[in-house]
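Everything on this sheet refers to the single structure shown next.
The values are calculated or read from the model by the stated rules, or taken from the named source; none is laboratory data. If you're wondering where the values come from, they're calculated on a predicted model, not measured in any experiment. Don't worry about glycine lacking a Cβ; one is built from the backbone with ideal geometry, like all the others, and counts go over all protein chains shown. Surface accessibility is based on the protein's heavy atoms, side chains included, excluding ligands, DNA and RNA. Shrake-Rupley method; radii C 1.70, N 1.55, O 1.52, S 1.80 Å.
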Amino acid sequence: MKIKILFFLLVFGIGFSFYYFNEYKIENNKEAIQSSLKVWLNRGYSMEVYEPNILKVVQLDDSKSYVSLFQFHEGYGYAHLVEGINGKLKIVTSSHGGSLINNRLIETSKGKYIVLYGKNPNLKINTILINSKNKIHDLKLNMPDDESLLIYEKVPDHFENPLPDEFILLDGNDNEIELVHYFN
C-alpha cells in the first residue's frame, strides 16, 4: 500500500513539475518576451497578424509581476508577466488599443498597482491627475522624459479600477491639456 502511495506521489510530482516548468518558460529579457508575446498575440490566427516591438519591461517593485510596453503599427499595448520559482516568466494577460493613454489595475502578491501605458507625444504631458468620482482615491503621477509611456504606482487595497474616474492631463505649467488640442 505504501508503495502505491509513493508511486502516485512520484507520478503526481513529475506531472506537476512538467506542467509548471512548461508554463513558466520565458527568459527574463526583451528578446524572449517579444518572441513569446508575438506567439501569444497571434494565437487563434492562421497567419501572423501582430508583430510587437517591446519598448520597455519593468518589475512592479519587489513583486513577482512584470509589465512590458510594446508597440505595433501606431498603437501601444502592455503585457503582464509573472515570475515563477524557476526564475522564468509567463504571460498572464495583455491588451492593446488606440487610446493615447491606457490604464490597468494589476493585483500582485505585494498589493495592487495602477499601470499607465501609451504615448506622450512631444513630452507635452508633465503630470496626470486621477480624480476619483467618489473621492476614495486621488493620485498624482509625474511623467518620465520619454514619449513612450509606462509608469506604475502602488495603490491602496480598496482602490478600484479607475476607468470611470477622471484623468486630467497637465503640462509643465500645470495647465490642463485638452485632448482635442493634444494631437496638434
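General observations
- Added length on full extension, which subtracts the Cα-Cα distance from 0.36 nm per residue, Ser95 to Phe12: 26.4 nm
- Trypsin sites (Lys or Arg not before Pro) restricted to segment 86-157 and DSSP loop, no more than 10 other C-beta within 10 Å: Lys133, Lys135
- When Asp146, Asp138 are compared by accessible surface with a 1.4 Å probe, the order from highest to lowest is Asp138, Asp146.
- For segment 29-130, the list of GluC sites (Glu not before Pro) that fall in a loop by DSSP and count at most 13 other C-beta atoms within 10 angstrom reads Glu48, Glu74.
- Counting Lys and Arg as +1 and Asp and Glu as -1 over every other residue whose Cβ lies under 14 Å from the Cβ of Glu83, the net charge comes to +1.
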